1. Quick one: in the stretch 242-251, which of the residues that are without any contact (Cβ under 8 Å) to a residue 40 or more places away in the chain and under 19 Å from Ala164 (Cβ atoms) is least open to solvent (accessible area, probe 1.4 Å)?
2. I need a count of the residues in the stretch 129-148 that are under 16 Å from the mean Cα position of the chain (by Cα) and open to solvent by 70 Å² or more (accessible area, probe 1.4 Å).
3. Considering only residues of the stretch 162-201 that are more than 22 Å from the chain's Cα centre (by Cα) and surrounded by 13 or more Cβ atoms within 10 Å (Cβ to Cβ), which is farthest from Phe138 (Cα to Cα)?
4. Check off (1) in contact with an Asp or Glu (Cβ under 7 Å, 6 or more places away or on another chain); (2) free of Cβ contacts under 8 Å to residues at least 12 places away in the same chain; (3) of a type outside the set (Phe, Trp, Tyr) for Ser69 and give me the number that stays unchecked.
5. Which of the residues that make up the stretch 129-139 are hydrophobic (A, V, I, L, M, F, W, C) and part of a loop (DSSP other than H, G, I, E, B)?
6. Name the pairs whose Cβ atoms lie under 7 Å apart, with the first residue in the stretch 137-155 and closer than 12 Å to Gly201 by Cα, the second of a type in the set (Ser, Thr, Tyr), and 6 or more positions between them or separate chains?
7. Identify all residues within the stretch 28-74 that are more than 30 Å from Ser177 (Cβ to Cβ), not in a strand (DSSP E or B) and not aliphatic (A, V, I, L, M); write none if there are none.
8. Filter the stretch 107-128 down to residues that are charged (D, E, K, R) and part of a strand (DSSP E or B) and give me whichever is most open to solvent (accessible area, probe 1.4 Å).
Amino acid sequence: MSEKQRYFIELAYDGANYHGWQVQPNAVTVQEVLDHALSTVLREPIETVGCGRTDTGVHATQFFAHFDSEPIAHSPWPIANQGKTIDHGLWTMDSKTINSLNGILSSDISVKRVIPTHPEAHARFDATQRSYQYHIHFGKDPFKLNRSWEFRDKPDIALMNEAAKIIMEYTDFSCFSKSHTQTFTNNCKITRAEWIETEEGLIFHISADRFLRNMVRAIVGTLIDVGRQEMPPGDIRKVIESKNRSKAGTSVPACGLYLTEVKYSYL
């Protein structure tokens, strides 16, 4: 038997019909469905490790996972290695394999690339930055069902962006985390937090080196309180410094949340 090869797989998915990414009993998840497709196409048991865990109903326009398998037949390609920069265009698996995976997967999950990597490469621990978007629309729109949060009254975007800038001054975000999570630290380095107005509504953009469970939805809920003028922007400092989840706003619905980008030093 040949030595196992580690691969990264890039995918996108509409999370409306799934109970999040991670495998769990008595519920259909993206990881479960993807592992089944990979095992079927590669004809060996495959277990993936994701770059994170999205909750029920959350979407991803870019998501990475890694897995080990027997070497997959392909044209000559470079190995994605730590500390090396290689042209992304070379990292494309044989289209027949990609088509086979997408043929098994339902229409709400799409495999984009499968990339051979260094044996120690890790989809979760090696990620250097993750970016999310939260989408809000105004007025009933059946085409945005489960893909955006319907909001009745337009909040004050200037006030929300003022509070968002203050958030970037901090690193301990205990107040925005679910309780009793298995994390060693609640520190995160946020590099972007900004609301952008579009023709269809509002999109909140946020990037950081890591995120806590439920963190983005809690931040959005708190900023919405600011936008509704239920609290002044400066009070966001009191919320963060309290390190108390009950001081922050309500978590907004999962339907508007998208994981949009995951960065690695070697991809």
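The values are calculated or read from the model by the stated rules, or taken from the named source; none is laboratory data. Remember, predicted model here, so these are calculated numbers, not experimental data. Because the Cβ atoms are built from the backbone with ideal geometry, glycine has one as well, and the counts that use them run over all protein chains shown. Side chains are part of the model used for accessible areas, which takes the heavy atoms of the whole protein and leaves out ligands, DNA and RNA. Shrake-Rupley method; radii C 1.70, N 1.55, O 1.52, S 1.80 Å.
1. Here the answer is Gly249.
2. Matching residues across the stretch 129-148 total 1.
3. Filtering the stretch 162-201 for residues that are more than 22 Å from the chain's Cα centre (by Cα) and surrounded by 13 or more Cβ atoms within 10 Å (Cβ to Cβ), the one farthest from Phe138 (Cα to Cα) comes out as Ile166.
4. Every listed condition holds for Ser69 apart from (2).
5. Going through the stretch 129-139, the residues hydrophobic (A, V, I, L, M, F, W, C) turn out to be 136, 138.
Listed by number, the list is empty, since nothing qualifies.
6. His137/Ser148
7. Keep residues of the stretch 28-74 that are more than 30 Å from Ser177 (Cβ to Cβ), which gives 36-46, 68-74.
Then keep just the ones that are not in a strand (DSSP E or B); that gives 36-46, 70-74.
The answer is His36, Ser39, Thr40, Arg43, Glu44, Pro45, Glu70, Pro71, His74.
8. Restricting to residues being charged (D, E, K, R) and part of a strand (DSSP E or B), the top hit is Lys112.
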